[in-house]
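S.K.: Right, I'll just put the structure down here and ask away after.
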Amino acid sequence: MPVMAIEVDRGRQRVIVENVEPQVDSGEFPIKRTVGEWVVVRCDAFADGHDAIACVLKYRREDADEWTEVPMRPLVNDRWEAEFRVQALLPYYYTVEAWIDHFKTWQRNLNKRIDAGQDVAAELRIGAELIAAAADRASLESRGKLASWVEMLRHPEGHPAAVDAAVSEELGAAMAAHPDRRFSSTHGKLLQVTVDRERARFSAWYELFPRSCSPEPGGHGTFRDVESWLPRIADMGFDVVYLPPIHPIGRTHRKGRNNARLAAPDDAGSPWAIGSEEGGHKSIHPQLGTLDDFRQLIRQAKELGMEIAMDIAFQCSPDHPYVKEHPEWFRKRPDGSIQYAENPPKKYEDIYPFDFECEAWRELWEELKSVLAYWIEQGIRVFRVDNPHTKALPFWHWVIGEVKRDYPETIFLSEAFTRPKVMRYLAKIGFSQSYTYFTWRNTKWELTEYVRELTRTATREYFRPNFWPNTPDILPEYLQFGGRPAQMARLVLAATLSASYGIYGPPFEAGDNRPREPGSEEYLDSEKYQIRHWNIDRHASLEPFIRRVNHIRRHNPALQTNACLEFHEVDNPEIIAYSKQSEDGHNLVLVVVNLDVYHVQSGWLTLPLRKLGLDPDRPYQMHDLLGDGRYLWHGPTNYVQIDPQVAPAHIFQIRRHVRREHQFEYFM
C-alpha cells in the first residue's frame, strides 16, 4: 500500500485493539443486562516492540455527553479487562481506547538501568521532558506539582531524592492522569447495552385461561373471577400472571373441543382466533368483562406484587374487522378468498395470517404498533408474543425498538419453538426473554449440554431463557408417564437452572397428564378449545411444593441469575448436580435432581471446593431447603441418595465453616 494512502494520524497509531468482548455479531446487535448488573469487558491490545501501553474502557449512558473511563487491567497474552455497572433503564454505549504509554515505558526502563548500576542522568532529563509535556496538558491545579518534578529531574544534582521520585508510584499516577493520547487507537465500532428492569432477568410466570376461572362448573369465567385467584397465585410466589388472548373470538370455522374441525353451537373456540363483530385486537371478549374490569385486574395484581402479562397474537379470525376494513393486509388465493394459516398437514381455517409482504406493509406495521401502545396505555408492561417467528423479523426489530424507546420498562417474551438460529435472532433484535427447548431436554447429557450452550457461550449475552415444563400446546411425554415425581423434578429443574421460568398453572398443579391420544403432546380436553373447571384445592395439588420452590428462589440471590452456573460430577447418569453462586459469593446453592422418577438412585458427588470458596480442610453444612434437613459434608466427594417418591430433588444451601467454639461448629 502506498504510504500516502494511509492517513497521517492513523499511520502513527501503533496500538492494535481487537477481539473486544462482549459483543453480538461484531457489534451489530446490543448485549443485554438488567439494572444493577455488571458488564465485564475484555479485549486484545498490543503494539510493535516493547513499549508499554495503556488501555481504558469508555462507557456512557445514552443521555450523557461525556464518557466515563475505567483503566483496564492487563491479564495474560495481551488481554485486558475492566468492568462497569449499568444503573439506569437506558441504553449504554461502550468502547476501548489504547495508546503507547511513553512515560510508563521510560519509568520501567529507568528501574532496569538503576538495578544495573548505570548512570541515569541523561534518562532523568528525558523523563523531565515527558513530564513537562504532561504539564502542558494538565489543569492549573495539577500543573504546579508536575513542574516541581520537572525541575527535580532536570537538575538532579540539587535534588538528592530525584531518582527515587522518578520511579515513585506517585509520579506514575500523576502522569497516568494526563496521558499523551494523540495517537491512540479506538475500537472500530461503538458497542451497545440494552438495559432492562430486573424482572426481565428473574421472574416466575403462571399461565391461566380467564374463561376457566369461574367458581361454577360450566360457567364462563370473568376478570372478576381471575381477581379471586390472584392472592393464591401471589402466595405461591409468582411474579407474572400470563393470560392468553382476551379478545373477541371469531365464529367462522370455529374449532370445537379437542381441535375438532366442526364446533358445536356452545363451543367457546380458540382465543387465538382473534376478532368478531364485537371487535378485534383492541377489544375485550364481552363475557370476560369490561375494559374497566381489566384495568382493575391489572391494579389488583400490582398491589399483590405481580404483573399481568398479555398475549400478543398478530393474526385474525375471518370475522375480524381488519378483514373487511383492510383486505390488502392479507394474502389472496387464486379464487379471491383469503389464505388461512397452514402448517401442512395441519390446517387452521379459523385464522388468517397477515401478509407482511403486502404493498401496504407500512400501514400494517403502524397499526400493529398501535395495538401494543393501546394496551400499554391500559397498564400492561409485559407481553408474551405468540409465534413471532411466523411474522417478518424486521417488523419485530422495528416495533420493539419503537416501544422500548418510549416505555423502556416493557418486557417481551418470545414464544418461538422453532429453528435455533431463528430463536437466537429474535433475541438479538429485541425480545427480552425466550422460550427454549428445555421442555424436551430430559437426560443428564441433554440438560447439561443445552444449559451450557445458553449460559457459557456468547449466546448468554443476548438470549435470556425462560424455562417451561408445560404449556397449553405441550404436554411432554416425561410428564404424561412420570406422575407427581416427574412434575416435581421438572419444576425444580426449570426453577433453578433458569432465573426465569413458568408453568401452565392449573393443569400442572392438578396433575392433569392426559394426552389427547397416544403419542400426542396435546392435552385431552384442552383449554385452548373449551372451558375447564379446575379443582385446585384437592389433596394431590402441587401448590405447597410450588410455593416452597418459589420461596427458595426469592430468598437465594444465587438462583436469580444464570451467570455462575456450574455442573458437577456425579458417578450416576440418572443424577444431575449443579451449583449457582451470587455475585458477592455469599450465597451458594447446590441442586441435586434424580432424573429417574421411578426408582431410588444414589451416587458419589464431587465438588471443586476451592473454586466454590470452600476450605478443603474444614467441614461444610448442607442445608436442604426443600426438606429442611441438615448434613455435614467433608472433603470434595460425598454420597447422595434420592427417592423420587419422597422428593426427587435436593436444593442445598451450602453454609461455609466459620469457627468452632468448644463442641459447637458455626456455619454461615
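The values are calculated or read from the model by the stated rules, or taken from the named source; none is laboratory data. Fair warning: this is a prediction, and the values are worked out from it, not measured in the lab. In this analysis, Cβ positions are derived from the backbone assuming ideal geometry, glycine residues included, and neighbour counts consider all displayed protein chains. Keep in mind that these areas ignore ligands, DNA and RNA; they rest on the heavy atoms of the full protein, side chains included. Shrake-Rupley method; radii C 1.70, N 1.55, O 1.52, S 1.80 Å.
S.K.: Taking region 528-580 as the search range and keeping residues that are hydroxyl-bearing (Ser, Thr, Tyr) and not in a strand (DSSP E or B), which one is modelled with the lowest pLDDT?
M.R.: We begin by selecting, within region 528-580, every residue hydroxyl-bearing (Ser, Thr, Tyr); these are 529, 541, 561, 578-579.
This time we only want the ones that are not in a strand (DSSP E or B), so: 529, 541, 561.
Numbers: 529: 97, 541: 90, 561: 97.
Of everything passing the filter in region 528-580, 541 is modelled with the lowest pLDDT.
S.K.: Collect the residues in region 619-632 that are open to solvent by 20 Å² or more (accessible area, probe 1.4 Å) and assigned to a strand (DSSP E or B), keeping them in residue-number order.
M.R.: Of everything in region 619-632, those that are open to solvent by 20 Å² or more (accessible area, probe 1.4 Å) and assigned to a strand (DSSP E or B) turn out to be 621, 630, 631, 632.
S.K.: Condition check: touching a helix residue (DSSP H, G or I) at 6+ places or on another chain (Cβ under 9 Å), closer than 28 Å to residue 294 by Cα and buried (at least 19 other Cβ atoms within 10 Å of the Cβ). Does residue 212 satisfy that?
M.R.: On the way: touching a helix residue (DSSP H, G or I) at 6+ places or on another chain (Cβ under 9 Å): yes; closer than 28 Å to residue 294 by Cα: yes; buried (at least 19 other Cβ atoms within 10 Å of the Cβ): yes.
When the stated conditions are applied, residue 212 passes them.
S.K.: With (1) without any contact (Cβ under 8 Å) to a residue 60 or more places away in the chain; (2) out of contact with any Leu (no Cβ under 7 Å at 6 or more places or on another chain); (3) aliphatic (A, V, I, L, M) as the list, and residue 559 as the residue in question, which single condition is left unmet?
M.R.: All conditions are met except number (1).
S.K.: Regarding region 370-381, can at least one residue be identified that is under 19 Å from the mean Cα position of the chain (by Cα), touching a residue at least 24 places away in the same chain (Cβ under 8 Å) and open to solvent by less than 50 Å² (accessible area, probe 1.4 Å)? Don't jump to the end; show me each part of the working.
M.R.: The first filter runs over region 370-381 and keeps only residues under 19 Å from the mean Cα position of the chain (by Cα), leaving 381.
Adding the requirement that they be touching a residue at least 24 places away in the same chain (Cβ under 8 Å) leaves 381.
Next cut, open to solvent by less than 50 Å² (accessible area, probe 1.4 Å) only: none.
Scanning region 370-381 turns up no residue that is under 19 Å from the mean Cα position of the chain (by Cα), touching a residue at least 24 places away in the same chain (Cβ under 8 Å) and open to solvent by less than 50 Å² (accessible area, probe 1.4 Å).
S.K.: Which ranges mark the strands (runs of 3 or more DSSP E) fully within region 307-360 that have 2 or more residues being under 36 Å from the mean Cα position of the chain (by Cα), among the basic types (Lys, Arg) and surrounded by fewer than 16 Cβ atoms within 10 Å (Cβ to Cβ)?
M.R.: Working: elements: 307-312, 341-343, 346-348.
In region 307-360, the matching strands (runs of 3 or more DSSP E) lie at 346-348.
S.K.: For region 1-96, list the strands (runs of 3 or more DSSP E) that sit wholly inside it and hold at least 1 residues that are open to solvent by less than 70 Å² (accessible area, probe 1.4 Å) and over 26 Å from residue 560 (Cβ atoms); which are they?
M.R.: 16-21, 38-46, 53-61, 68-71, 79-85
S.K.: Also, quick follow-up: State all residues of region 226-266 that are over 19 Å from residue 316 (Cβ atoms), open to solvent by less than 40 Å² (accessible area, probe 1.4 Å) and either of a type in the set (Asp, Glu) or without any contact (Cβ under 8 Å) to a residue 60 or more places away in the chain (or both); if no residue qualifies, say none.
M.R.: The answer is 227, 229, 239.
S.K.: Next question. Check every one of the strands (runs of 3 or more DSSP E) wholly within region 176-260 and list those with 1 or more residues that are closer than 30 Å to residue 97 by Cα and of a type in the set (Val, Ile, Thr). Working first, answer last.
M.R.: Working: elements: 191-196, 203-207, 240-243.
Passing ranges, in order: 191-196.
S.K.: Under the condition of being among the hydrophobic types (A, V, I, L, M, F, W, C) and within 32 Å of the chain's Cα centre (by Cα), which residue from region 633-644 is surrounded by the fewest Cβ atoms within 10 Å (Cβ to Cβ)? Walk me through it before giving the result.
M.R.: Going through region 633-644, the residues among the hydrophobic types (A, V, I, L, M, F, W, C) turn out to be 633, 640, 642.
Filter once more, keeping what is within 32 Å of the chain's Cα centre (by Cα): 640, 642.
Details: 640: 21, 642: 23.
Out of the qualifying residues, it is 640.
S.K.: Give the number of residues within region 501-526 that are without any contact (Cβ under 8 Å) to a residue 40 or more places away in the chain and either touching a Gly at 6+ places or on another chain (Cβ under 8 Å) or outside any loop (DSSP other than H, G, I, E, B) (or both).
M.R.: 6
S.K.: Can I ask one more? If residue 153 passes every condition in (1) modelled with pLDDT of 95 or more; (2) open to solvent by less than 40 Å² (accessible area, probe 1.4 Å); (3) of a type outside the set (Lys, Arg) but one, which one does it miss?
M.R.: (1)
S.K.: Right, here's the next one. Considering 148, 184, which residue is among the hydroxyl-bearing types (Ser, Thr, Tyr) and touching a residue at least 60 places away in the same chain (Cβ under 8 Å)? Break it down into steps so the answer makes sense when it comes.
M.R.: Details: 148 fails: touching a residue at least 60 places away in the same chain (Cβ under 8 Å).
When all the criteria are applied, what remains is 184.
S.K.: In a helix (DSSP H, G or I) and either open to solvent by 10 Å² or more (accessible area, probe 1.4 Å) or modelled with pLDDT under 95 (or both) - does that describe any residue in region 466-477? Spell out the reasoning first.
M.R.: Taking region 466-477 and keeping what is in a helix (DSSP H, G or I), we get 477.
Going one step further and asking which of them are either open to solvent by 10 Å² or more (accessible area, probe 1.4 Å) or modelled with pLDDT under 95 (or both), we end up with 477.
Yes, that holds for at least one residue.
S.K.: A further question on this structure: Starting from residues that are under 29 Å from the mean Cα position of the chain (by Cα) and over 17 Å from residue 622 (Cβ atoms), keep the ones in region 583-608 and report whichever is most open to solvent (accessible area, probe 1.4 Å).
M.R.: The qualifying residue most open to solvent (accessible area, probe 1.4 Å) is 583.
S.K.: Against the condition open to solvent by less than 10 Å² (accessible area, probe 1.4 Å), in a strand (DSSP E or B) and β-branched (Val, Ile, Thr), how does residue 399 come out, does it pass? Before you say what the answer is, go through the steps one by one.
M.R.: On the way: open to solvent by less than 10 Å² (accessible area, probe 1.4 Å): yes; in a strand (DSSP E or B): no; β-branched (Val, Ile, Thr): yes.
Answer is no for this residue.
S.K.: Which of the residues belonging to region 182-238 are within 29 Å of the chain's Cα centre (by Cα), over 22 Å from residue 61 (Cβ atoms) and of a type in the set (Lys, Arg)?
M.R.: Matches in region 182-238: 232 only.
S.K.: Among the residues of region 106-128, what is the count of those that are over 14 Å from residue 167 (Cβ atoms), open to solvent by 60 Å² or more (accessible area, probe 1.4 Å) and touching a residue at least 12 places away in the same chain (Cβ under 8 Å)?
M.R.: Residues in region 106-128 being over 14 Å from residue 167 (Cβ atoms), open to solvent by 60 Å² or more (accessible area, probe 1.4 Å) and touching a residue at least 12 places away in the same chain (Cβ under 8 Å): 1 in total.
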